[in-house]
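Peer 1: Dumping the structure here so I can ask a few things about it.
Please treat every number below as a calculation from the coordinates, not as lab data. Since this is a predicted model, take the numbers as computed values, not measurements. Here Cβ is always computed from backbone atoms with ideal geometry, including for glycine, and neighbour counts include all displayed protein chains.
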Amino acid sequence: MRLTSCTCSHGLDEDVETALCKVRNWSCLYPAHRHVALNMRKGVNMLSPCHRVTAISESPRPSARGTQPATRWDTPFFVGLGKANMFDVFDVYSGVGGFSAGAKAAGCTPIAGIDCDDTILRVYGGNTGGRCICARVFDDSVHWPAARSDLHVHFSPECQGLSKARRTVDMRRQQEGLAGIRGALDLILENGYDSWSIENVSTPETRSLLQSYADCAPARVAFTTVDCVDFGVPSTRLRLIAGPPGLIRLIKETPVQRVSVAEAFRRAGMDPPAPYIRNNSRSRNGGTHQRSVQGPCHTVTASHPLTWCNAEGVTVRCLTVAETAVIQGFPRGWLLPTGSRAGIRALGNAIPPPLAAAIMCAACRAKEVLVHGVPQGGVSVMHNSSKLLLHPAVLK
């Protein structure tokens, strides 16, 4: 079902400044007058290329009951795009808002998140200010937004049953995971969304499913497998990203930019308590798998925290929730569930924000290419010694 109108009582008989002031506080999802106000703003307030956009509020949010602050970065992003190319983001399977954190960093606006866990969902709302929709995506009735040019819809369907990290394959959970991806694709194509993305694990089964859709609708569906470490995340994490062909092409053309664990901690104003990090797996001879903090670490999982250790693999202690948030690329001040187990689970299930930022910058650039007919320049994730930057890059 599509939501095409709003039943709230906000009026249309006001000047632009009053309307724009109210936009920030409207909690209704898709009021027609919100579109009018935003379009009026786009016509008179265009951002110049390389306009500085602050990704995270300079003032920390007050801690809500049941939440704790994670780490906080004062991270400026430079986006070589006009405001007219930015998106409102509808975040499906939002979790604590990893994708929305990246979308905000790219200059876009999270307007709503859907999740079936009300505790996690309220944390998402506290972080983004977007509307919280507590629902099971394909089981409960959800008012899906109508397609429009400034809307991006993102899906991160549950992937635990599809993960290659599982020792045994649960066929029922695997089929449920594939059904989530299939349902997202069907919804996207049926509703006619022009800008969209899906993130999940990359396995032969998920790639085969995406290929079948790409074969049937090559002008609308494409996909690629990426490693988050190539987008500025200080940990390895292979992900399958699906979206329109233009978006996927730009993702493939984004130059590799890497950051070590040590550098990520330095930027966050923290010191690594040990020179190595190991995961919970063992080699065939019973040895541990540890990596130096001078490079990227292992994948963050929802089941177990990573462990600080010395060169011999001797445990120092487990990573805290705040330290794991740095590894995942979350900005400092991002609220997370209280308790180490709940916090690690939320972070392990989240898409790293730097990857999400790259996806949304590619979506914005793809929109610009679609509007202008020729590429005006690309967007890539770029680091210097102290800041995470997004800068224009020449497209091939």
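Peer 1: Need one number: nm distance between label points at N280 and V256, each 7 Å from Cα along Cα→Cβ, rounded to one decimal.
Peer 2: Result for the modelled spin labels: 3.0 nm.
Peer 1: How many angstrom lie between the Cα centre of the range 221-291 and the Cα centre of the range 130-151?
Peer 2: If we compute the Cα centre of each part, the gap is 30 Å.
Peer 1: While we're looking at this one, here's another question. To make sure I understand, if each residue's beta carbon is the centre and we count other beta carbons within 10 Å, what order do H152, H298 fall in, fewest to most?
Peer 2: Values: H152 28, H298 19.
Least to most surrounded, the residues fall as H298, H152.
Peer 1: Please work out the ratio of the alpha-carbon Rg of the range 127-283 to 2.2 N^0.38 Å and round it to two decimals. Display every interim value, and only then the final one.
Peer 2: Values: Rg = 18.1 Å, N = 157, 2.2 N^0.38 = 15.0 Å.
Relative to the rule-of-thumb radius for its length, the range 127-283 sits at 1.20.
Peer 1: How much net charge surrounds I351 when only other residues with a Cβ under 14 Å from its Cβ are counted (Lys, Arg +1; Asp, Glu -1)?
Peer 2: On the way: positive: K104, R237, R239; negative: D91, D115, E158, E199, D227.
Value of the local net charge: -2.
Peer 1: Among L209, L247, L370, rank each residue by its count of other Cβ atoms within 10 Å, from fewest to most, as a rough exposure measure. Can you show the working numbers first?
Peer 2: Working: L209 21, L247 27, L370 14.
Least crowded to most crowded, the residues run L370, L209, L247.
Peer 1: Right, something else. Just rank M360, M270, M86, M171, fewest to most, by other beta-carbon atoms within 10 angstrom.
Peer 2: Ranked by crowding around the Cβ, least crowded first: M171, M270, M86, M360.
Peer 1: Moving on to the next point. Quick query: amide H of C309 versus all other amide H atoms, modeled in the peptide plane; which residues come in under 5 Å with a sequence gap of 5 or more or a different chain?
Peer 2: Y276, I277, R278, V316
Peer 1: Using the C-alpha gyration tensor of the range 261-340, what are the square roots of 5 times its eigenvalues, in whole angstrom, with the largest one first? Walk me through the numbers on the way to the answer.
Peer 2: On the way: eigenvalues 96, 43, 20 Å².
After diagonalising the Cα gyration tensor, the semi-axes are 22, 15, 10 Å.
Peer 1: Per residue, how big is the convex hull around the C-alpha atoms of the range 210-294? Give it to me in cubic angstrom, could you?
Peer 2: 125 Å³
Peer 1: Something else: Within 10 Å, Cβ to Cβ, of H289, how many net charges do the neighbouring residues add up to if Lys/Arg are +1 and Asp/Glu are -1?
Peer 2: On the way: positive: R278, R282, R291; negative: none.
Result for the neighbourhood of H289: +3.
Peer 1: Extending each Cα 7 Å along its Cβ direction at S340 and D139, get the distance between those two points in nm, one decimal.
Peer 2: 3.2 nm
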